[in-house]
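First up is the structure itself, then whatever we jot down about it.
No lab work stands behind these numbers, since they all come straight from the coordinates. Please read these numbers as outputs of a predicted model, since none were measured by experiment. Don't worry about glycine lacking a Cβ; one is built from the backbone with ideal geometry, like all the others, and counts go over all protein chains shown.
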Amino acid sequence: MSLHAYLTSTSPASRRQARLGALYRAWRVLRRNPLAMVGLIVVAALVLIAAIGPALVGSPTAQDLVGRLRPPSPDHWLGTDTLGRDILARVVHGTRITLLTVALVAVVVAPVGLAVGTVAGYFGGVVDGVLSRLTDVFLAFPRLILALALVAALGPGIENAVLAIALTAWPAYARVARAETLAIRDSDFIAAARLAGASAPRILWRQVMPLCLSSVIVRLSLDMAGIILTAAGLGFLGLGAQPPAPEWGAMVAAGRRVLLDQWWVATMPGIAIFVVSLGFNLLGDGLRDVLDPKAR
Amino acid sequence: MIAVEALRVTFGGVTAVDDVSFTVARGEAFGLVGESGSGKSTVLRVLSGLLRSWSGRVTIDGEVQRPVRPRSFARVAQMVFQDPYGSLHPRHTVDATLAEPALVQGLDRIDQRVAQALADVGLDGAVRFRYPHQLSGGQRQRVAIARALILEPSLLLLDEPTSALDVSVQAEVLNLLAGLRQSRGLTMVLVSHNLAVVAHMCERLAVMRDGAIVEHLSAADLRAGRAAHPCTRALLGVGTGDGAHRRHGLREHT
Amino acid sequence: MSPLLAPSPLLVIDDLRVTFPTDAGPVEAVRGLSLTMGRERLGIVGESGSGKSMTGRAVMGLVPVPGRVTARRLVFDGIDLTAPGSVARLRGRRMTMVMQDPRYALNPVMTIGSQILEACHIAGLSGRAARERALAMLTAAGLGEPERVFAAYPHQVSGGMGQRAMIAMMLAPGPDLLIADEPTSALDATVQRQVMAVLDGLVRERGMGLILISHDLDLVAEFCDRVLILYAGRVVEECRPGELARARHPYTRGLLAARPRLDRTQALLPVLRRDPAWLHEESPP
């Protein structure tokens with residue numbers, strides 16, 4: 001039996017085949033969307049570069065004060081910065097910081113938002129009132145300003161930047177999850193689960209969350225660009241990753257002073273931020289088409 | 001099996017069910033008939049324990065039931081819903097849907113139970129790992145019945161179980177339910193707006209209107225045209241000349 | 001052939017096909033359906049997936065993308081419906097359609113009156129004349145307080161009233177052909193008959209053509225002059241409503257037998273066995 005026949009079988013013989021088949025169908029929908037594929041390639045390239053790139057380029061912190069501010073050349077493909085550091089090496093090493101930031105924020109934000117939103121939506125009443133107002137309070141702060149205040153209070157650094165971003169990002173997820181939960185709370189399959197004697201946590205975990213997850217994933221991939229930009233913004237303001245760490249936002253900030261004469265110093269990391277943000281956005285749009293249960 | 005006395009349900013000041021009383025013997029099939037808004041489904045939701053704010057006295061399987069039911073009540077009564085598209089979780093395979101109640105109740109031999117439940121409702125093993133969107137309406141409703149039966153309840157509550165199905169599929173599902181009732185000695189409460197379906201499945205029925213029972217009848221009474229209340233007669237289509245003409249036209253063939 | 005088909009037919013459909021592309025190749029929802037009708041009440045009966053709704057939508061030019069409609073002939077009162085733009089000119093003027101559920105077919109943020117007025121405007125009426133026509137249609141549709149319904153939003157009226165308003169709206173332009181796709185399936189049984197009786201009366205009075213699409217054999221038999229039974233995108237049998245008892249096709253007979261009946265008791269209902277050969281047999285003449 002060919003792999004294609006195995007995956008598209010209408011009578012899967014095992015749980016694993018059913019699950020893989022569902023993934024395969026989603027993949028085929030995604031593949032039909034060229035822009036989403038571009039996004040996927042960008043994100044995959046980001047991961048690949050973060051994994052093996054640093055081994056292929058030089059040190060991101062090796063200074064060469066004689067060869068500072070050199071334009072792009074065969075020796076330094078993207079030129080050198082104010083301390084003579086190879087910008088290509090710094091951009092490549094910077095992928096790890098970007099990916100780490102994004103991953104940490106996602107790991108914190110998605111579960112918290114999902115939990116708060118589904119609990120609020122499922123139980124309603126007082127629980128919903130308290131949790132929703134709490135969400136509203138966090139939503140009422142401008143994201144970057146709140147992050148700034150937090151970092152200012154906790155001290156600059158990549159961990160605190162992640163914490164600050166996560167703290168300002170979760171309410172949006174709680175909102176999404178709550179709206180989804182409200183839509184399915186009274187459906188018959190939830191009633192059937194209650195009739196089977198399932199406890200509220202079990203219903204939330206087994207019935208409600210799988211249906212909210214797709215919206216959260218879509219929201220997350222669309223939000224990635226914003227997270228990267230916020231991280232870069234904090235870096236630019238000197239409140240994110242600290243020198244000499246090759247964080248893209250901080251690199252743009254460092255190139256700012258020489259922007260007119262040595263444009264590449266600020267532009268190269270800027271392009272990296274732009275490409276990766278765009279990649280996540282395109283992928284998110286594609287995932288929305290794949291995962292939206294209403295679109296099926 | 002069931003005794004309901006002076007059941008009353010109000011939603012925000014509106015009385016949905018008003019002083020409803022009836023009894024259902026063990027092994028009997030009892031029908032609740034009425035138009036939408038008559039309160040028939042509300043009564044079923046009280047019996048199942050899904051609806052928790054009501055007053056009156058409900059006895060099921062010899063025990064007086066409180067609004068909030070213990071987990072073990074799931075082994076006594078189960079329910080089949082009207083819409084086969086909304087009653088199955090869209091992201092769960094048939095296997096996961098059937099295994100869930102057994103897992104919740106901590107039953108053993110879950111794999112065999114699922115296989116057996118599928119066989120009992122006449123579904124091929126090939127559908128076991130399909131998702132609901134890969135099933136027809138009739139197959140979905142069979143899965144919903146299998147889910148209700150996997151806990152081996154003695155009471156089955158049916159809320160318009162065939163009104164969303166094609167007539168040929170309805171016949172298959174009604175036959176399945178009749179067969180299961182016989183082989184398992186199930187007690188059934190069937191809610192429907194379709195008198196023919198209720199008369200086919202049930203020995204006795206009650207006609208509801210505006211939250212109250214207006215008439216108690218046996219299926220034989222109904223067939224013999226002994227329905228007295230205008231509401232029942234309206235449901236039969238007796239009130240209109242067109243209806244009479246229609247039944248005439250269709251009685252010609254047998 | 002039916003004498004009602006007399007001089008010039010209102011609608012001629014010859015070899016209609018509606019095809020949807022899927023991953024597993026094209027799927028035909030309608031597979032070579034042909035019919036000819038005059039100013040009569042034609043019933044189209046079938047189960048889900050029989051292609052009955054797609055047939056109605058194909059005539060109205062409302063098949064959703066990516067569906068493809070082809071036909072050897074698709075002619076409404078001498079006008080070729082396959083010619084570009086022709087359906088759009090007829091739709092809402094000489095051909096109208098009543099959908100299943102008034103809750104979805106009516107715009108929730110417009111009053112019923114303004115929606116009927118819009119239908120009148122499309123048909124070329126305006127100002128006072130349009131308003132009078134709208135109120136007259138609401139009255140004709142059996143709504144006791146036409147002024148109240150006119151000013152109401154769809155959610156403020158019951159399902160039966162909404163569907164009557166829908167019928168009023170679709171009959172306001174004075175069409176020659178009305179396609180009603182499951183017009184009463186969302187309504188209570190007793191209301192169903194009332195709404196159908198209103199529709200029936202209006203259609204007869206105006207001498208227009210009606211295509212009643214439904215899964216309900218009883219309903220169609222009650223209100224139509226002719227009944228077409230659809231199976232898998234084709235007409236398998238044509239009957240007079242009074243002659244359903246003498247239906248020959250095993251599918252029709254199976255459908256009739258599968259209904260639970262009040263006039264006799266049966267332990268089990270006869271189950272319809274689908275013969276794969278039905279898919280390939282020729283349609284009746």
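In table form, for the structure just shown:
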item	result
In sequence order, calculated HN-Hα J values of region A:178-193 (Karplus, 6.51, -1.76, 1.60; Hz; x Gly/Pro)	5, 4, 4, 4, 4, 5, 10, 4, 9, 6, 5, 6, 5, 4, 5, 5
Student exercise, region B:17-72 dipole from Lys, Arg, Asp, Glu Cβ charges, in Debye to nearest 20	320
Cα convex hull of chain C, projected area averaged across orientations, nm²	16.8
Region B:81-126 - Rg over Rh from alpha carbon coordinates, Kirkwood radius	0.97
In Hz, Karplus ³J(HN,Hα) per residue of region C:228-242 (6.51, -1.76, 1.60; θ = phi - 60°; x = Gly, Pro)	9, 9, 9, 9, 6, x, 9, 7, 9, 7, 10, 9, 7, x, x
Cα centroid separation, region C:178-244 to region B:148-218 (Å)	28
Taking chain B and dividing mean pair separation by its residue count, relative contact order in percent (alpha carbons under 8 Å, at least six apart)	26
Percentage relative contact order, chain C, counting C-alpha pairs under 8 Å, at least six apart	22
Among B:ASP159, B:ASP111, B:ASP61: highest mean-square fluctuation, GNM of chain B, C-alpha pairs under 10 Å	B:ASP111
Base-10 log of normalised Debye intensity for region C:1-81 (one unit scatterer per alpha-carbon) at q = 0.16, 0.22, 0.26 Å⁻¹	-0.62, -1.06, -1.34
Cα-based helix-to-principal-axis angle, A:15-31 vs chain A, degrees rounded to 10	50
Centroid-to-centroid separation of region A:174-231 and region C:126-147 [C-alpha atoms, Å]	47
Hydrodynamic radius of chain A per Kirkwood, over alpha carbon pairs, in Å	21.4
Placed amide H near B:THR10: partners under 5 Å, 5+ positions off or other chain	B:ALA16
Debye, to nearest 20: dipole size of chain A, +1 on Lys, Arg Cβ, -1 on Asp, Glu Cβ	880
Chain B, dipole about Cα centre (Lys/Arg Cβ +1, Asp/Glu Cβ -1), debye to the nearest 20	220
Interchain or long-range residues, amide H under 5 Å from C:LEU81's placed H	C:LEU74, C:VAL75, C:PHE76
Surrounding net charge for A:SER14, when Lys and Arg each add one and Asp and Glu each subtract one, Cβ distance under 10 Å	+3
Selection from A:GLY84, C:GLY127, C:PHE150, by position along the positive dipole direction of the protein assembly as shown (Cβ)	A:GLY84
Cα-only radius of gyration and Dmax that characterise chain B, units Å	18.7, 59
Gaussian network model of chain B, springs between alpha carbon atoms under 10 Å - residue of B:VAL94, B:VAL20, B:VAL104 with greatest fluctuation	B:VAL104
Positive-pole candidate from B:LEU88, C:LEU62, B:GLY34, dipole of the protein assembly as shown, charges at beta carbon	B:LEU88
Between 0 and 90°, nearest 10: helix A:143-154 axis offset from chain A longest Cα axis	70
Expected-Rg normalisation [2.2 N^0.38 Å, Cα atoms] applied to region A:1-140	1.66
Charge dipole of region C:192-268 about the Cα centre (unit charges at C-beta), most positive-ward option of C:THR252, C:GLN266, C:GLY209	C:GLN266
Which of B:ARG184, C:ARG253 has the fewest Cβ neighbours within 10 Å, and the rest in rising order	B:ARG184, C:ARG253
D_trans [Stokes-Einstein, Kirkwood Rh over alpha-carbon pairs] for region A:142-217, 25 °C, 0.890 mPa s, µm² s⁻¹	168
Where only alpha carbons of the protein assembly as shown are counted, the Rg and the Dmax (Å)	32.6, 108
Distant-in-sequence amide H partners of C:ILE211 (H built 1.01 Å from N, under 5 Å)	C:LEU42, C:LEU178, C:ILE179, C:ALA180
Listed residues A:SER187, A:SER11, A:SER73, most fluctuating in chain A (Gaussian network, C-alpha, under 10 Å)	A:SER11
Using θ = phi - 60° and Karplus 6.51 cos²θ - 1.76 cosθ + 1.60, couplings along region A:95-108 (whole Hz; Gly, Pro as x)	4, 5, 5, 4, 5, 4, 4, 4, 5, 5, 4, 4, 5, 7
Part-to-part distance (alpha-carbon centres) for region C:65-96 and region C:247-269, which is given in Å	38
Segment C:THR139-C:SER185, length gained on full extension (0.36 nm per residue, minus Cα span)	14.3 nm
